[in-house]
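Report on the following structure.
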């Protein structure tokens, strides 16, 4: 007997995800899967549930942090050390397409749910394990913390200003990128399973994902031996490509070639800079990057950001504001793309929408409710044929 | 006649990706797909090819930047405005499972390859369009620049120190997260196609993806009305959870609850802090976060980072170093996880490996060669039955 599919349209509609994850990396992954149409059943610890339920800020006595990651999921509380609850859990696994957890490595084995046993018993199950350091390697047993993997993985060494103390990326990219790579691995394994009938284990470590997003920093170091360092907001080799102070804040200008630099100088009335040998080509401009910033800011400082945005957009020079979160959530384009969605049964609480837009599928302006702990029990047990 | 599969094992082995993308977001996506076993054929502009081929640093006269993103792909140069080359391109589409491009919206329509026409002609084709602002909405026609979407999407407003000028995330998360969400959409659409036989269009905008990774910043703003701002390296509500100066650099310490704070104080010989009312609980510690940092650094400053890491690891207090890129690429755990891989035919050039580890599949220590422009032409035309 198969459980009912999610009411959300999407390429994963009909897929059942049994979700043991807590806090951020795993729940972010299963939120992505739910937005793609999967039905996600959170299996939580009785009494306390997902640790994120205890993290503020609070809205009507519920954790807004938890709500932002768990909309559109269902909850059942099961104690995986109790024989009855293990029976329920195993009935769920019989129906599941995906099992995901973000315990410390070794926990599932201690619970009797090693990959070998899972794969033997449920050969079609795709099993994803998200952890700080992955299932192998010397640091594998260590707990996962976003800030620790950001520091160990190199991104902190690239972020900030040259003389500033260490600077963390302002969102938890350690957790979030792990959630994204896990989503990719799960979807790819589901695709393969349609052909082979067999599931796979997907092992994603947060530190590995930090290394994977270092981008050209590794290439720069390996090719040249130079260790990349923080550069504030500017690009290492393209100039001007930075943030600049205006009368009321900052503007980002990305004038990446000689033609755009000329348009920039003309638009802001600084054609004198085009005559200056120091700024004659991109390599020269990069060599004299500090001088050029002083020259540009001496002019940009005279008017407000919005004035310069209008002028530069009209001139075809790539530019943009630096929006704070209040500005982002009311930006007309962000709203037109349905990237701020309401959550059912919350009096209008809003969260980020789904950035993957598909042809032929609706992109609902309202996303499913946030489950209270164990609130799905009745329906889930009934569907499993386990109600008493 | 189907083209041969990739020689790389993986859940996407047997999948053919025709790749029109340039520079970073799109090529990052197709690198992920290639690492999962897809065969990726880059279709490049004759003469010049992918713009990334012109971006330094250089290694043996080849762009290390390009190499780091295009290992394991093939290249054919086609002019999509020439009738003969369009014929070749359309033969490729007949065999393709996925077509991906990161042009500005409207370009594919002008070339005669709108989604409607593609879907009519190649109903099984999954088509992904990655752009700065997506295929719809008021900013849709604008060009894509990582720094611009980082600024507009809010992450810059959260990154940096309270008084510092704007701070970009040190890697191009604007491009990379778009590449990751596109990979998820493609894999999910391929999974669905196994069941329905029909492809879908996947529309991913970089700005949307920035909104999607703002994480709790949106929840904090919507729930409280407070606009989140940069906090350096520290956590907004958990203390101590920050970087701290040592005798030779910094250490990250994440002592997220009272028990860990006690272990921290005992391990570094500062049990006096446990008696101080200012530091008695997490809310108190967060209120007095600056005082606590001064107290902890007055001790931590006396010894080197490695000394404190040993002591805190032994005490079970989550902590870590701040590694630069040179330290990351030689870290024993990073190496044990095969996260630094060699590229064939490059005299040992190294790049980031694949962070998605699957059971039952090899994770090669060497990844496929980087294609010179048009170097795959002979083999590809032969396989298509088009050689003259």
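Just give me the residues in the stretch A:145-157 being under 13 Å from residue A:173 (Cβ atoms), at the interface with another protein chain (Cβ under 7 Å from one of its Cβ atoms) and out of contact with any strand residue (DSSP E or B) (no Cβ under 6 Å at 6 or more places or on another chain), in sequence order.
Selection gives A:153, A:154, A:155, A:156.
Which one is farthest from residue A:297 (Cα to Cα), of the residues in the stretch B:178-187 that are in contact (Cβ under 8 Å) with a residue 12 or more places away in the chain and facing chain A (nearest Cβ under 7 Å)?
If we take residues in the stretch B:178-187 being in contact (Cβ under 8 Å) with a residue 12 or more places away in the chain and facing chain A (nearest Cβ under 7 Å), then B:187 is farthest from residue A:297 (Cα to Cα).
Looking only at helices (runs of 4 or more DSSP H) that lie completely in the stretch A:46-144, which have at least 3 residues being in contact with a strand residue (DSSP E or B) (Cβ under 8 Å, 6 or more places away or on another chain) and on the phi < 0 side of the Ramachandran plot?
By residue number, A:64-70, A:83-95, A:115-121.
From the list A:36, A:59, which residue is in the same structural domain as residue A:184 (by TED's automatic domain parsing), surrounded by 15 or more Cβ atoms within 10 Å (Cβ to Cβ) and over 30 Å from residue A:191 (Cα atoms)?
After ruling out the rest, the residue left standing is A:59.
Residues checked against (1) more than 14 Å from chain B (Cβ to nearest Cβ); (2) crowded, with 18+ Cβ neighbours inside 10 Å; (3) under 26 Å from the mean Cα position of the chain (by Cα):
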residue: A:65; (1), (2), (3): no, yes, yes
residue: A:76; (1), (2), (3): yes, yes, yes
residue: A:82; (1), (2), (3): yes, no, no
residue: A:90; (1), (2), (3): yes, no, no
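Tally up the residues in the stretch B:351-388 that are facing chain A (nearest Cβ under 10 Å) and loosely packed, with under 14 Cβ neighbours inside 10 Å, please.
1
Working only within the stretch B:193-207, note down all residues that are over 16 Å from residue B:29 (Cα atoms), within 7 Å of another protein chain (Cβ to nearest Cβ) and in contact with a strand residue (DSSP E or B) (Cβ under 9 Å, 6 or more places away or on another chain).
Hit for the stretch B:193-207 is B:200, nothing else.
Being facing another protein chain (nearest Cβ under 9 Å) and within 18 Å of residue B:361 (Cα to Cα) is the filter; apply it to the stretch B:339-350 and report the residue that is surrounded by the fewest Cβ atoms within 10 Å (Cβ to Cβ).
Applying the filter and picking the extreme gives B:340.
Only one of B:214, B:264 is within 13 Å of chain A (Cβ to nearest Cβ), buried (at least 22 other Cβ atoms within 10 Å of the Cβ), at pLDDT 95 or above and in contact with a strand residue (DSSP E or B) (Cβ under 7 Å, 6 or more places away or on another chain); which?
Only one candidate qualifies: B:214.
In the stretch B:354-388, how many are on the phi < 0 side of the Ramachandran plot and in contact (Cβ under 8 Å) with a residue 40 or more places away in the chain?
Qualifying residue count for the region: 22.
Which one of these is part of a helix (DSSP H, G or I), crowded, with 20+ Cβ neighbours inside 10 Å and outside the structural domain of residue B:132 (by TED's automatic domain parsing): B:207, B:274, B:292, B:309?
Answer to the selection: B:292.
For the stretch A:110-121, indicate whether the set of residues that are in contact (Cβ under 8 Å) with a residue 40 or more places away in the chain, within 8 Å of another protein chain (Cβ to nearest Cβ), under 21 Å from residue A:29 (Cβ atoms) and surrounded by fewer than 24 Cβ atoms within 10 Å (Cβ to Cβ) is non-empty.
Yes: the stretch A:110-121 contains one or more residues that are in contact (Cβ under 8 Å) with a residue 40 or more places away in the chain, within 8 Å of another protein chain (Cβ to nearest Cβ), under 21 Å from residue A:29 (Cβ atoms) and surrounded by fewer than 24 Cβ atoms within 10 Å (Cβ to Cβ).
Residues A:233, A:223: which one is within 9 Å of chain B (Cβ to nearest Cβ), surrounded by 19 or more Cβ atoms within 10 Å (Cβ to Cβ), under 32 Å from the mean Cα position of the chain (by Cα) and not in a loop (DSSP other than H, G, I, E, B)?
Exactly one of A:233, A:223 is within 9 Å of chain B (Cβ to nearest Cβ), surrounded by 19 or more Cβ atoms within 10 Å (Cβ to Cβ), under 32 Å from the mean Cα position of the chain (by Cα) and not in a loop (DSSP other than H, G, I, E, B), namely A:223.
Quick one: residue A:166 ticks every box in (1) under 30 Å from residue B:185 (Cβ atoms); (2) at the interface with another protein chain (Cβ under 7 Å from one of its Cβ atoms) bar one, so which box is it?
Every condition holds for residue A:166 apart from (1).
If residue A:141 passes every condition in (1) more than 7 Å from chain B (Cβ to nearest Cβ); (2) surrounded by fewer than 24 Cβ atoms within 10 Å (Cβ to Cβ); (3) within 30 Å of residue B:346 (Cβ to Cβ) but one, which one does it miss?
(3)
Within the stretch A:295-306, can you find the residues that are in a helix (DSSP H, G or I) and loosely packed, with under 13 Cβ neighbours inside 10 Å?
The one that is in a helix (DSSP H, G or I) and loosely packed, with under 13 Cβ neighbours inside 10 Å: A:298.
If a residue has to be within 21 Å of residue B:12 (Cα to Cα) and in a loop (DSSP other than H, G, I, E, B) to count, how many in the stretch B:346-383 make the cut?
The number of residues fulfilling the criteria is 16.
With (1) over 30 Å from residue B:201 (Cβ atoms); (2) out of contact with any strand residue (DSSP E or B) (no Cβ under 9 Å at 6 or more places or on another chain) as the list, and residue A:32 as the residue in question, which single condition is left unmet?
The single condition residue A:32 does not satisfy is (1).
When the residues of the stretch A:316-330 are narrowed to those that are surrounded by fewer than 18 Cβ atoms within 10 Å (Cβ to Cβ) and either closer than 11 Å to residue B:148 by Cβ or at pLDDT 95 or above (or both), which ends up farthest from the other protein chains (Cβ to nearest Cβ)?
Per the stated criteria, the residue is A:330.
Please tell me if residue A:27 is outside the structural domain of residue A:92 (by TED's automatic domain parsing) and touching a helix residue (DSSP H, G or I) at 6+ places or on another chain (Cβ under 6 Å).
Against the criterion (outside the structural domain of residue A:92 (by TED's automatic domain parsing) and touching a helix residue (DSSP H, G or I) at 6+ places or on another chain (Cβ under 6 Å)), residue A:27 does not qualify.
For the stretch A:236-249, which residues satisfy the criterion of being facing another protein chain (nearest Cβ under 7 Å) and surrounded by fewer than 19 Cβ atoms within 10 Å (Cβ to Cβ)?
A:237
The values are calculated or read from the model by the stated rules, or taken from the named source; none is laboratory data. Please read all numbers here as calculations on a predicted model, not as lab measurements. Every residue, glycine as well, gets a Cβ built from its backbone with ideal geometry; the counts of neighbours run over all protein chains shown.
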